Structure formats: C-alpha cells, structure tokens
Amino acid sequence: MALYSILRRASSSVLPLAIRTVGSSRALHGAASTVRLTLQKGNLSRELTRRSFVPFLRFSTETAAKNRADENLIRVLESELQCAEESEPGQDSVEEIPDEFPFEIEDNLGERTILLTREFEDETIKVEVDIPNVSMEDEGDDDADNQDQSNDQTSIPLVVRITKRRGLELEFGVTAFPDEFTIDSLSIKQPDGSEDQLAYEGPDFNDLDENLQKAFHKYLEVRGIKPSTTNFLHEYMIAKDSKEYMNWLKNLKNFVEH
C-alpha cells in the first residue's frame with residue numbers, strides 16, 4: 001500500500017508537468033509559425049509594393065512630360081495666332097465684290113480653293129481658283145549691285161472649264177499674275193471619254209502659233225478671265241489664305257487642348 005501511494009503521488013505530479021510541457025511546446029510552435037507567416041506576408045507586401053511602384057513612377061513621369069509638352073505647344077500656337085491676326089489681312093479687309101465681277105463665288109471654310117460659276121449664253125463656265133503661289137526670280141545676274149535682290153511674283157493657279165450644252169468641255173490651265181494671265185495648257189474633253197484611255201490633248205500651248213495663242217487669250221477675256229477679274233482674285237485669295245491659316249492654327253490648338 002505504501003508503494004502504491006508513492007507511485008500515485010509521483011504520477012500525479014509528473015503527468016501535469018508533462019502536459020504543461022507539451023502544451024507549452026505547441027504554443028511556442030504556433031507562435032513561431034505565426035511569426036513566420038507574418039514575416040512572409042510582410043516581405044510579400046513589400047515586394048508587391050516595390051513592383052507596383054516602378055510602373056506608377058514611370059507613368060507619372062511620362063504624364064508630367066506630356067503635360068509640359070502640350071502646354072508649351074499651346075503657348076506657341078497662341079503666340080502664332082496673335083502674330084497672324086496682327087500682321088496678316090483678314091477676309092474683312094477685302095473690298096466688296098466689284099459690280100463688273102462676272103462670277104458667283106463659292107467659298108467653303110477649310111478648303112484651299114474657291115469655285116467661280118457663270119452662265120454665258122449656251123455655255124457654263126466654272127473656274128477653280130487655288131491659293132497664291134510665290135515664286136522667287138533673280139534679277140540682274142549680270143549686275144553686281146543687284147545680285148542679292150529678288151522679285152516676288154505672286155500668282156494664282158486657275159482651272160477654267162467651259163461646257164457646251166451638248167456636253168463638250170474645253171479645259172484651260174491658267175496662271176494669273178497681277179495685271180496679266182498666261183495659258184499653260186488646254187484640252188477638249190468628250191462627255192463619254194473613258195478614263196482608261198489616254199486622250200490626245202494637243203501640243204504644248206507655247207508651241208502653238210502666236211496668233212492662235214492670242215486668239216485663245218481673247219476667247220477667255222470675253223468670258224470673264226481678264227486682268228480686272230484676276231486682280232480682285234489675287235486680293236481675295238491672299239485674304240483667304242490668311243483666314244485658312246488662322247483657322248488651321250485654331251483647330252490644332254483645340255485638338256491639343258482637348
């Protein structure tokens with residue numbers, strides 16, 4: 001009995017200690033696992049943050065550069081618009097259409113050409129007028145005092161189409177200078193002509209007999225292509241060129257702003 005009592009007291013003291021030891025070991029293991037998981041999460045979070053920060057930084061830098069470039073371009077466009085408005089004539093500066101001007105004018109904003117139309121007896125006359133060209137021609141090549149001087153000759157290209165009621169069309173390529181015009185080409189076209197066939201358009205106009213050239217000049221003058229007409233068209237097209245340029249600048253500025 002004495003031995004039994006001794007063993008029971010020993011077991012009662014050792015067993016709880018063992019249980020407590022096991023419990024403590026499990027607690028420590030669980031705590032260590034929690035610490036490792038926390039560290040792993042922290043490392044993952046920092047890695048994700050680092051990886052996501054690089055594209056964000058690049059995006060922010062590119063956006064800032066884009067904004068600076070756009071703002072600079074807008075300032076330059078505004079400055080150019082102001083200079084154009086101050087130095088160039090506007091459409092309002094063109095005098096009223098002269099009473100003797102024989103054509104009706106069709107002018108659409110955004111187009112570089114205008115269209116003139118006229119009915120003349122049994123003919124329909126249409127003239128397509130382009131914006132001015134400026135050519136530089138040297139003067140006085142043999143004169144040392146004039147070697148660096150040049151003559152600005154402003155001209156406007158015209159395409160004159162004269163159509164008969166039966167359908168034939170005579171087309172002239174014309175260059176109009178101040179107080180004069182030259183015929184560069186002419187051709188007659190059939191209404192049913194095939195575009196796949198190369199039509200014979202005659203010789204170069206300058207190769208024609210001089211009397212024939214003069215007769216064609218008179219032919220066009222009677223139909224309204226004369227110096228008084230082309231001089232007004234010079235002023236009109238110079239003003240249109242200025243107006244179209246300013247409208248072009250405004251469209252560019254509007255695009256960049258929005």
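The values are calculated or read from the model by the stated rules, or taken from the named source; none is laboratory data. These figures come from a predicted structure and were not determined experimentally. Glycine also receives a Cβ, built like all others from the backbone with ideal geometry; neighbour counts cover every protein chain displayed. Quick note on the areas: whole protein, heavy atoms, side chains included, nothing else; ligands and nucleic acids left out. Shrake-Rupley method; radii C 1.70, N 1.55, O 1.52, S 1.80 Å.
The listed residues are F172, F216, F205, and the only one of them that is among the aromatic types (F, W, Y), under 21 Å from L115 (Cβ atoms) and open to solvent by less than 80 Å² (accessible area, probe 1.4 Å) turns out to be F172. When N211 is tested against (1) surrounded by fewer than 11 Cβ atoms within 10 Å (Cβ to Cβ); (2) not in a helix (DSSP H, G or I), only condition (2) is not met.
Screening the candidates L109, L77, L115, L73 for the property of being within 27 Å of G173 (Cα to Cα), surrounded by 11 or more Cβ atoms within 10 Å (Cβ to Cβ) and at pLDDT 90 or above yields one hit, L115. Among residues of the stretch 95-122 that are of a type in the set (K, R), those with a beta-carbon under 9 Å from a residue that is at pLDDT 90 or above and not in a loop (DSSP other than H, G, I, E, B) at least six positions away or on a different chain give the pairs R112/K240; R112/D241; R112/E244; R118/E104; R118/T124; R118/I125; R118/K126; R118/V127. E180 meets each of the listed conditions (1) at pLDDT 90 or above; (2) open to solvent by less than 80 Å² (accessible area, probe 1.4 Å); (3) under 16 Å from V129 (Cα atoms) apart from (2).
Close contacts from the stretch 142-167, counting a first residue that is open to solvent by 60 Å² or more (accessible area, probe 1.4 Å) and a second that is part of a loop (DSSP other than H, G, I, E, B) and at pLDDT 80 or above, with Cβ to Cβ under 8 Å and a gap of 6+ residues or different chains, come to K164/D122; R165/D122.
Does E221 satisfy the condition of being charged (D, E, K, R), farther than 17 Å from T113 by Cα, part of a helix (DSSP H, G or I) and modelled with pLDDT of 90 or more? Spelling it out, E221 is indeed charged (D, E, K, R), farther than 17 Å from T113 by Cα, part of a helix (DSSP H, G or I) and modelled with pLDDT of 90 or more.
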